[in-house]
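Written below as structure tokens is the structure these notes are about.
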Amino acid sequence: MPKISRPDWLSRRVLAWAFYDWANSAFATTVMAGFFPAFLKNYWAADLPRTTSTFQLGFVNSAASLVIVVAAPVLGAIADRGGSRKKFLVFFTYMGVLAAAGLYFVSSGQWLAALVLYGLGVIGFSGGNVFYDSLLLGVAPKGKLDAVSGLGYAMGYLGGFILFVVNILMYQYPATFGLDGPSHAIRVAFVMVAVWWAVFALPVIFLVEEPVSPKRVAGFAAVTSGLRQLRQTFREIRKLRMVFLFLLGYWLYIDGVDTIVRMAVDYGMSIGFQQGDLLTALLLTQVIGFPAALA
């Protein structure tokens, strides 16, 4: 049998970078796509009309996305000039971690508190991805951007799948795990997501070096310099019609994808699908996504 050798581009830094996707995909799968929509409808907002909870979830998802759309270009430019990508990554990561853990303490009927924490978690997740993605250029060897990016996606599907399977088993058999019932299992699952995200984010924080900016500035100068760079970028984009159309098209496309991911369980329950069938479909997505991203 031929020996399978490790690709020459698969370094410790690349694996450390890819593990961040393994880390934060637990939030995407267990919280955003899996349990939060159903738990909001059946536990936190059980006294409200089901259409109302659907609207509230959609509104918070949209508001969080809008915050990132407005803030990301500004913060990205500041991070470029100040060499602070990893600082912003840490900030957004642990914002999301604390928000996910905080969901454990939200009692039945407290839908507003649940939605606020969820919104902060989504902002942390999306904001962290902005700066995580920006580190790719300093990690991937020349000509291997696709391979390294694909590895990150694959690790995300696998990591999200593993923890989600455990969380579903906790939900279905709470007594086996020493839990009081399904609702207790879901609340504990939110804490597990926070711990998973916090721990597996450490490799990228400690093992991946931030690319050195040749014109790096510190303190408030990074803010003013970043804003000047952002204005210059927008002036250049206005001259490049295809770049502007690409960015606009991508935003509309990816926002549609994110809406489907975050609202699928809520929509499915609203039109009569059983929660167990929807969670099974989500698991299948993870199983298929892992080898597909590698390929």
**Prompt:** Does any residue of region 95-107 turn out to be under 25 Å from Trp17 (Cβ atoms), open to solvent by less than 50 Å² (accessible area, probe 1.4 Å) and at pLDDT below 95?
**Reply:** no
**Message:** I want to confirm something. Restricting to region 31-57 and keeping residues that are open to solvent by 10 Å² or more (accessible area, probe 1.4 Å) and β-branched (Val, Ile, Thr), which single residue is nearest to Tyr171 (Cα to Cα)?
**Reply:** Thr54
**Request:** Filter region 133-169 down to residues that are without any contact (Cβ under 8 Å) to a residue 12 or more places away in the chain and under 18 Å from the mean Cα position of the chain (by Cα) and give me whichever is most open to solvent (accessible area, probe 1.4 Å).
**Result:** Asp133
**Asked** List, please: which pairs have Cβ atoms under 9 Å, are six or more places apart or on different chains, and start with a residue in region 180-208 that is at negative phi and end with one that is of a type outside the set (A, V, I, L, M) and part of a loop (DSSP other than H, G, I, E, B)?
**Response** Ser183/Ser108; Ala185/Tyr173
**Prompt:** For region 178-295, which helices (runs of 4 or more DSSP H) that fit wholly inside it have 1 or more residues that are modelled with pLDDT of 80 or more?
**Reply:** 182-200, 202-207, 241-270, 275-294
**Prompt:** Out of all the residues in region 23-30, is one or more farther than 22 Å from Leu279 by Cα, open to solvent by less than 50 Å² (accessible area, probe 1.4 Å) and in contact (Cβ under 8 Å) with a residue 40 or more places away in the chain?
**Reply:** no
**Request:** Scan region 108-130 for residues that are modelled with pLDDT of 95 or more and of a type in the set (A, V, I, L, M, F, W, C) and jot them down.
**Result:** Trp111, Leu112, Ala113, Ala114, Leu115, Val116, Leu117, Leu120, Val122, Ile123, Phe125
**Request:** For region 74-91, state whether one or more residues are modelled with pLDDT of 90 or more, acidic (Asp, Glu) and either closer than 29 Å to Ile168 by Cα or open to solvent by 10 Å² or more (accessible area, probe 1.4 Å) (or both).
**Result:** no
**Request:** Identify the residue in region 118-132 that is among the hydrophobic types (A, V, I, L, M, F, W, C) and within 19 Å of Val261 (Cβ to Cβ) and, among all such residues, is least open to solvent (accessible area, probe 1.4 Å).
**Result:** Val122
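The values are calculated or read from the model by the stated rules, or taken from the named source; none is laboratory data. Small disclaimer: the values here were computed from a predicted structure and weren't measured. Counting neighbours? That spans all protein chains shown, and the Cβs are built from the backbone with ideal geometry, glycine included. When the accessible area is computed, the model is the full protein with side chains, heavy atoms only, and any ligands, DNA or RNA have been set aside. Shrake-Rupley method; radii C 1.70, N 1.55, O 1.52, S 1.80 Å.
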